[in-house]
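S.K.: If you scroll down you'll find the structure; I have some questions about it.
The values are calculated or read from the model by the stated rules, or taken from the named source; none is laboratory data. Here the structure is a predicted model, which means the values were calculated and not measured. Here Cβ is always computed from backbone atoms with ideal geometry, including for glycine, and neighbour counts include all displayed protein chains.
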Amino acid sequence: MWRKVPLYQGNGAIAWASPEFQAQHPCFVIAPEFDEIIMDDTSTASNYLDATINLIKHLKTKLPIDGKRLYTTGQSGGGMMSIALRLHFRQRTVAVGFAHNAVQ
């Protein structure tokens, strides 16, 4: 079942997918949701990491994506995924953004 959580959590992907943003800055937005931890605290990755990398590579062959300007951001597990993607696309990732919650 398709869920909107990855799109809206912390203003997630909708920050870049909104009609207003797209009108000024056309871009492709990918907001995957996974049913397991992708990259844990010991840097152990699930198979979904490779699946996501392959998805990006595939989309670059089908869509006019500028492979020299890849951006990634995420919260919690999404932040870990961003780090892993940055390491994989080392020469092509322009920016990585992280978000966290303060622990009290």
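S.K.: Return the residues of the stretch 77-104 that are under 18 Å from Ala15 (Cβ atoms), modelled with pLDDT under 75 and not in a strand (DSSP E or B); say none if nothing qualifies.
M.R.: If the condition is that a residue be under 18 Å from Ala15 (Cβ atoms), modelled with pLDDT under 75 and not in a strand (DSSP E or B), then His100, Asn101 are the ones that fit.
S.K.: Please tell me if Gln22 is touching a residue at least 60 places away in the same chain (Cβ under 8 Å) and surrounded by 12 or more Cβ atoms within 10 Å (Cβ to Cβ).
M.R.: Details: touching a residue at least 60 places away in the same chain (Cβ under 8 Å): no; surrounded by 12 or more Cβ atoms within 10 Å (Cβ to Cβ): yes.
Taking the combined requirement at face value, the residue does not satisfy it.
S.K.: Among the residues of the stretch 38-67, which ones are part of a loop (DSSP other than H, G, I, E, B), out of contact with any strand residue (DSSP E or B) (no Cβ under 8 Å at 6 or more places or on another chain) and not β-branched (Val, Ile, Thr)? Break it down stepwise before answering.
M.R.: So the first thing to find is which residues in the stretch 38-67 are part of a loop (DSSP other than H, G, I, E, B), and the list is 38, 40-44, 46, 63-67.
If we keep only those that are out of contact with any strand residue (DSSP E or B) (no Cβ under 8 Å at 6 or more places or on another chain) too, we end up with 40-44, 63-67.
The answer is Asp40, Asp41, Ser43, Leu63, Pro64, Asp66, Gly67.
S.K.: While we're on this one: Among Asp66, Asp41, which is the only one that is surrounded by fewer than 15 Cβ atoms within 10 Å (Cβ to Cβ) and more than 23 Å from Ile14 (Cβ to Cβ)? Give the steps one after another, and end with the answer.
M.R.: Details: Asp66 fails: more than 23 Å from Ile14 (Cβ to Cβ).
So the residue among Asp66, Asp41 that is surrounded by fewer than 15 Cβ atoms within 10 Å (Cβ to Cβ) and more than 23 Å from Ile14 (Cβ to Cβ) is Asp41.
S.K.: What's the number of the only condition in (1) charged (D, E, K, R); (2) touching a Ser or Thr at 6+ places or on another chain (Cβ under 9 Å); (3) free of Cβ contacts under 8 Å to residues at least 12 places away in the same chain that Lys57 fails to meet?
M.R.: Unmet condition: (2).
S.K.: Would the stretch 56-74 turn up any residue that is of a type outside the set (A, V, I, L, M), modelled with pLDDT under 85 and over 21 Å from Pro26 (Cβ atoms)?
M.R.: So far as the stretch 56-74 goes, yes, one or more of its residues are of a type outside the set (A, V, I, L, M), modelled with pLDDT under 85 and over 21 Å from Pro26 (Cβ atoms).
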